[in-house]
Amino acid sequence: MNFPKLVDIATKQVVTIHESKTIQEAVEAMYNSNHRDVIILSEEKRNFGVLKANDLVKLKLQKIDFSTKLKDIKYDSVMAIHYCSTIPEAVNEITSNCNCICLVDDEDRLCGYVSYYDIISSVDPKIMLEKRTLSDILISSYIKEAQADMPAFEVITLIDNSIYDSVVIFEGDRGVGIITTKDVVKLFGEDKDLALPISNYMSSPLTTVKHTTSIASALEFIQQQHFKRLIVEDHDGNIVGQITQEELIARVYARWVDFMRNEKSQLTHANKVLEAKASKLEQLASVDKLTSLYNRTKFEATLKDEISRVVRYETQTFSIVLFDVDNFKSINDTFGHLSGDMILKEIATIAKKTIRATDLICRWGGEEFVIIMPMTSLEHGVEAAEKIRKEIYSLVFDDIGSVSCSFGVAEFHPTEDNIQSLMTRADKAMYQAKTSGKNKVVSIKN
């Protein structure tokens, strides 16, 4: 089977900025080009980075002066690959937390980029896309919500720590607008007053699609509207969930892999080639490469299944544990990102060895981890978290010494909770652990 080369699907006009420039200059470049991110260049060949709108929120929360140079802050690196590489070659190289790949020419000069979405969508099984609807693959009903009269700064901070990088704005129980990472860039680019109500800045009216929309139509709609996500509603106009373009593609592939496995006896040689690539993509969609733990996509799907099990069969409930590394930014700044990565991998290994075989630990993002503990009360969840805390703190790293983590534990209440309320409670508990001294376990009952 002939796959297109990366250059055939690449975006040639790349928004770039040198690492010697400031954060504010990066904001201006993003704003003027109407982009959510910008590629960062350095003096070293094939050494690229990316600054995203989400990063701007984090920097603002950390009170980092926007006159700071990019080389003095933390940002994600971006892999580079030759522009003549094929799609399968890119699939073999791309990492699970990689949003895009920079393309370089024979002299290692940047000549374009392709997103994870571009790569996967270039080999989509067309029939599957036309037959499946959003309701077939929509996993989450998790929507980050805010009221229209809330201050803008409070709303955009939700983007930094939520599952998704957008907030749906409501007036009462009616969705009236949305704030996305692109809006965040605009707020910073135009230096807006963030004390004003978010209704002054939200994108309105709220554009939604029906849950019966086909995958093919949904992808076409995303491309035409230049959206990053879809807000999905039911027949009655109630918002039932959202899905990003990356999740949309990843979940189609997961279904496609299942389909091909059931039809193995009838696979042609070409389909076998595609199956191998699809299996790779399936892994990318659910595994964090740095720690080898599952990522948010896997966590969210498992959490929904666990909630369904408890609600449907009225069995013993479960608890979740959310924890992150204390003073991680200081560790990165002092000892370098390689040391930070080593710590994350060691913590992941220790935590995975400490939990039960029935528990699921995932990398939540950055230095944060989350664990689902089936058939576990809040009390026992706290005991398990305390055991993990002690094991992690007993580690001693060369030059760095001991590293601690702060833990938040929450138990699912079948008659009261949903995904959002459960995660919010765990997040608040972890925040209390942070603000009350760190290196401790805190739980919130309800």
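Coordinate-derived values only; no laboratory data. Keep in mind that what you see is a predicted model, and the values were worked out from it rather than measured. So basically every Cβ, Gly included, is an ideal-geometry build from the backbone, and we count neighbours across all protein chains shown.
On full extension, the segment bounded by Lys438 and Asn327 gains 39.0 nm, given 0.36 nm per residue less the C-alpha separation. Remark: the range 35-44, residue by residue, has Karplus-estimated 3J(HN,Hα) of 10, 7, 8, 9, 7, 9, 9, 9, 6, 7 Hz, where x stands for each Gly or Pro and the curve is 6.51 cos²θ - 1.76 cosθ + 1.60 at θ = phi - 60°. On full extension, the segment bounded by Tyr31 and Lys69 gains 11.9 nm, given 0.36 nm per residue less the C-alpha separation.
Potential lengthening of the chain between Asp173 and Gln13 amounts to 53.5 nm, from the contour at 0.36 nm per residue minus the alpha-carbon distance.
Considering only DSSP beta bridges whose two residues both sit in the range 131-248, what percent are antiparallel, to the nearest 5?
On the way: 14 of 19 bridges.
Of all bridge pairs located within the range 131-248, approximately 75 percent are antiparallel.
Would you please give the FRET efficiency between Cys84 and Leu61, computed as 1/(1 + (r/R0)^6) with r the Cβ-Cβ distance and R0 = 45 Å, to the nearest 0.05? Approximately 0.60, to the nearest 0.05.
Listing His35, His235 from the residue with the fewest other Cβ atoms within 10 Å to the one with the most, what is the order? Display every interim value, and only then the final one.
On the way: His35 17, His235 9.
Least to most surrounded, the residues fall as His235, His35.
Spatially, the range 15-59 and the range 374-446 are offset by 34 Å when compared through their Cα centroids.
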